[in-house]
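Q: My questions all concern the structure below.
Rule-based calculations on the coordinates, nothing more; no lab input. Nothing here was measured: the structure is a model prediction, and the numbers come from that model. Because the Cβ atoms are built from the backbone with ideal geometry, glycine has one as well, and the counts that use them run over all protein chains shown.
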Amino acid sequence: MAEQSLWQRIMNAIEQEYDRRIRAASLITEYGAGHHGHEHEDEDDGEVAEIMNVPRGTRIGRE
């Protein structure tokens, strides 16, 4: 019984962190990343990272 409770608490903590990160990523996508109050030219790194909402449980392949 205590073991199930421990696993449930672990899963709840993981789900809360997942939801927090998804909300943060959604805000960045919707409103854009902040520029921290200083003007500078954006450097082109050549790679573009796309932030998107991923349904819970989706396996993500790494290239």
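Q: Give me the net charge of ARG56's neighbourhood, meaning all other residues with Cβ under 14 Å from the Cβ of ARG56; Lys, Arg count +1, Asp, Glu -1. It would help to have the intermediate numbers written out before the result.
A: Numbers: positive: ARG20, ARG21, ARG23, ARG59; negative: GLU15, GLU17, ASP19.
Once all neighbours under 14 Å are counted, the net charge is +1.
Q: Next question. Just to confirm a number: summing +1 for Lys and Arg and -1 for Asp and Glu over residues other than GLN16 whose beta-carbon lies under 13 angstrom from that of GLN16, what do you get? Let's see the in-between values first.
A: Numbers: positive: ARG9, ARG20, ARG21, ARG23, ARG56; negative: GLU15, GLU17, ASP19.
Net charge around GLN16: +2.
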